[in-house]
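Scroll down for the structure; my scribbles are underneath it.
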Amino acid sequence: MKEIYIIGGGLGGLFAGALQAKKGRKVTVLEKNDTPGGGLQTFTRKVGERCEIFETGMHLLGGFREDGAVRILLKKLQIFDKLKIKSVDRNCMDEIIYLSDRKVYRIPEGKDNFIAYFQHEFPHEAEGIKKYVEKIWSIVDEISFFFLREENEKIYSHDEMFYWPADKVISHYIKDAKLQDILAYMNPMFGGRAGHTPCYVSALINRLYISGVDRFVGGSHQLTKMLTGLIEDAGGKVLLMHEVNCIETDDKKRRITAIKGKEKRKYDFEFKLDDTDMVVCDVAPKKLIDMTATHLFTKAFRARVSSAPASYSTFCLFIILKEKSFPYINHTCYMQRSYGKVWRYGEYNEEEWPNGFMYLTPCVENQADWAHTMVVNAPMPYSTCIKWEDTKVGNRGDEYIKWKKKITNKILDRMEDIYPGFRDKCLKIYSSSPLTIRDYLGNPEGGMYGTEVDCQNLMQRQMPIHTKISNLLMTGQNVYLHGSCGVPLTALQTSNALDYYME
């Protein structure tokens, strides 16, 4: 039987593996961590009698509503109805507070409701608001894979604004500076930069979440278990603590011949491939390049991959709240320190940081009125902690620990601005920096959204599914789009490509 080896057990690798396993193919997933899932991974922290689950990345779910692309995929895999998910408040899917003027915006779900809300708040921009949202919808309509439809070969070009910088598109329709900033509030979901992030990326994320957002109840690990189960039930394997560090190739045949690595704390491993086996890579392109010595990846390509910057990272707080001290909030909240900062999250100024962050109270089983935990994600560039980049988790030194405490207090100060006395509601606070994200999720420079997509240099930044190596395909957040919707859809494209080679 032809075999498929998947390097990296993140959301993309597991989805691609499950789709192939459903067709009866043998899949072996090689994951470097002790748990699979990538951004689906969860971890637990115990304080006294309490044991709480925290998400590492999959806090919000887009595409899970009726006719949503991810929902269709999950139903195809026959696991959607087994998932425990909860819809956010329809009348307030997102809440934004600006500390500079204490203004709070409570944004409803749905295209028409979204338009009507902002037209009420900014009546002088009513026409521009409608045209802007309509443009978002029309741009996404051009992206076939978002709707699980085949590409229309008769379409050779996109709308003029498709590759415009997202901030330029907003300012084209909206002249009010405050509203320009507010309409970009989802920036933390895609790591946008003014003048560089293409409109189609922003449009996809905005349309996805405006159409309806859901949450996992009790943690995203449930999806990990189901995808892993599909692979193993079909005779495949998900091998944990198997970090691949070498890919051998036959350059004449343009094929991978062996995958090598080390099973942590135990032994070296090697998988020899025959001429019918395929490999899927669900790791960052920089890591792929480091694994290979092949001349099939040209010097120019290697240089391009090595020089491509990662999207900005984040500093996270994972807070266990005192019992019945803070209400459960069934939507995501965004703090903005002042207007005009939303496109500058990739910058760092010690006095001003954080200019903004996202916070939420995760949903637990039998969720009642009170929150159990809170997660705060504050965008931060990797450069802030570069002095410790050669250290390892748990052994970064006292200076690093002091720095993390200082950063934690900066975030808590802003939470106190929103909720006076917030510190007294916290039972225990854990934190992670861009270094934690780099090492835990395997993202170079702690990038939350893979390689930065830049409309000024688009072809140099995008990684295709197909590679110069005939039996190697790519998947994951560095191909097409990141996130709970983009990665599964990319995995579907990878799976379709595998069908071509495997049949």
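Within straight-line reach of LYS299, meaning a Cα separation under 17 Å, sit the following lysines at least 8 residues removed in sequence or on another chain: LYS286, LYS287, LYS468. Every Cα-Cα pair in region 20-69 was counted, and those over 14 Å apart are 71% of them. Here r is the Cβ-Cβ distance between ASP390 and GLU351 and R0 is 30 Å; the resulting FRET efficiency, rounded to 0.05, is 0.60. Sort out for me the Cα centre separation of region 475-500 from region 292-327, rounded to whole Å. Using only Cα atoms, the two centres lie 18 Å from each other. In this structure, the amide hydrogen of ASP94, modeled 1.01 Å from its nitrogen in the peptide plane, lies closer than 5 angstrom to those of ILE107, counting only residues at least 5 positions away or on a different chain. For a paramagnetic label modelled on ILE329 (point 7 Å from Cα along Cα→Cβ), amide N atoms under 14 Å away belong, within region 393-436, to 412-423. Within the assembled protein chains, the solvent-accessible surface assigned to LYS237 is about 110 Å², based on a 1.4 Å probe. Phi angles across region 443-451 convert, under the Karplus curve 6.51 cos²θ - 1.76 cosθ + 1.60 with θ = phi - 60°, into 3J(HN,Hα) values of 8, x, 6, x, x, 7, 10, x, 5 Hz, Gly and Pro given as x.
Round to the nearest 10 and give me the degree value, 0 to 90, for the angle of helix 483-502's Cα axis relative to the longest principal axis of the chain. It is inclined by approximately 20 degrees. Applied to region 197-213, the Karplus parametrisation 6.51 cos²θ - 1.76 cosθ + 1.60 on θ = phi - 60° returns per-residue 3J(HN,Hα) values of 6, x, 4, 4, 5, 4, 5, 4, 5, 4, 5, 4, 7, 4, 6, x, 10 Hz, with x for Gly and Pro. Comparing Cα centroids, region 170-219 and region 381-400 end up 31 angstrom apart. Using the Cα gyration tensor of region 1-115, with a ≥ b ≥ c the square roots of its eigenvalues, what is the shape: rounded (a/c below 1.5), prolate (a/b larger than b/c) or oblate (neither)? Judged from the Cα gyration tensor, region 1-115 comes out oblate (a/c at least 1.5, b/c at or above a/b). With respect to the chain, whose longest principal axis is taken over its alpha-carbon atoms, helix 111-121 is tilted by about 30°.
If the convex hull of the alpha-carbon atoms of region 369-503 is projected onto planes in all directions, what is the mean projected area in square nanometres?
Average of the hull's projected areas for region 369-503 equals 12.9 nm².
Within the accessible surface of region 396-503, defined with a 1.4 Å probe on protein heavy atoms only, the carbon and sulfur portion equals 49 percent.
Counting only aspartates and glutamates at least 8 places from LYS425 when in the same chain, those with an alpha carbon closer than 17 Å to its own are GLU52, GLU323, ASP369, ASP413, GLU416, ASP417.
Computed extension length for LYS260-ASP67: 65.3 nm, one decimal, from 0.36 nm per residue of separation with the Cα-Cα distance subtracted.
Distance between the 7 Å Cα→Cβ label points at LEU427 and ARG90: 3.4 nm. Residues whose amide H falls under 5 Å from that of LEU427, counting only those 5 or more places apart or on a different chain, are ILE320, LEU321, LYS322, with hydrogens built in the peptide plane.
Quick check: net charge around THR257, other residues with Cβ under 13 Å of its Cβ, Lys/Arg +1 and Asp/Glu -1?
Numbers: positive: LYS252, LYS253, ARG254, ARG255, LYS260, LYS272; negative: GLU248, ASP250, ASP251, GLU270, ASP274, ASP275, ASP277.
Summing Lys and Arg as +1 and Asp and Glu as -1 gives -1.
Rounded to the nearest whole Å², what accessible area per residue is found for region 256-296 with the 1.4 Å probe? The partial results should precede the final answer.
Details: 2080 Å² over 41 residues.
On a per-residue basis, 51 Å².
For a test of the definition: using alpha carbon positions, the gyration tensor, and the 1.5 limit on a/c, classify region 54-94 as rounded, prolate or oblate. If you can, show how the numbers build up before the last one.
Working: a/c = 2.12, a/b = 1.39, b/c = 1.53.
Note, shape of region 54-94 comes out oblate.
Indicate the gyration tensor shape class of region 318-422 (rounded, prolate or oblate), computed on the Cα atoms with a ≥ b ≥ c the square roots of the eigenvalues: a/c under 1.5 is rounded; otherwise a/b larger than b/c is prolate and the rest oblate.
Numbers: a/c = 2.17, a/b = 1.42, b/c = 1.52.
Note, shape of region 318-422 comes out oblate.
Computed from label points 7 Å out along Cα-Cβ, the spacing between ASP101 and ASP250 is 6.8 nm. In region 248-353, one over the average inverse separation of all distinct C-alpha pairs is 19.5 Å, which is the Kirkwood hydrodynamic radius. The angle between the Cα long axis of helix 398-418 and the main principal axis of the chain comes to about 40°, on a 0 to 90 degree scale.
Starting from the Cα-Cα distance between TYR400 and LYS468, subtract it from 0.36 nm times their residue separation and give me the gain in nm to one decimal. Show your work: numbers first, answer last.
Details: separation 68, 0.36 × 68 = 24.48 nm, distance 4.16 nm.
This chain segment gains 20.3 nm when fully extended.
Amide H contacts for ILE85 (H built 1.01 Å from N in the peptide plane; partners 5 or more residues away or on another chain; cut-off under 5 Å): VAL217.
Can you pull the semi-axes for region 79-215, root of five times each eigenvalue of the Cα gyration tensor, sorted largest first, whole Å?
Details: eigenvalues 121, 96, 37 Å².
Semi-axes from the Cα gyration tensor: 25, 22, 14 Å.
For ARG50 and ALA300, the FRET efficiency from 1/(1 + (r/R0)^6), where r spans their Cβ atoms and R0 equals 51 Å, is about 0.40.
With each label modelled as a point 7 angstrom along the Cα→C-beta vector, the ALA194-LYS237 pair spans 5.3 nm. Percent of Cα pairs in the chain per distance bin of 20 Å, from zero to the largest separation: 23, 58, 19, 0. Sequence-ordered 3J(HN,Hα) estimates for region 136-141 from the Karplus curve with 6.51, -1.76 and 1.60 and θ = phi - 60° stand at 4, 5, 5, 5, 5, 4 Hz, glycine and proline given as x. Averaged over its residues, region 302-383 has an accessible area of 36 Å² per residue, based on protein heavy atoms and a 1.4 Å probe.
Extension gain, TYR500 to LYS22: 0.36 nm times the residue separation minus the Cα-Cα distance gives 170.5 nm.
The values are calculated or read from the model by the stated rules, or taken from the named source; none is laboratory data. Since the model is a prediction, treat every value here as computed from it, not as a measurement. Cβ: placed from backbone, ideal geometry, glycine included. Neighbour counts: every protein chain shown. Ligands, DNA and RNA are excluded from the accessible area calculation, which covers all protein heavy atoms including side chains. Shrake-Rupley method; radii C 1.70, N 1.55, O 1.52, S 1.80 Å.
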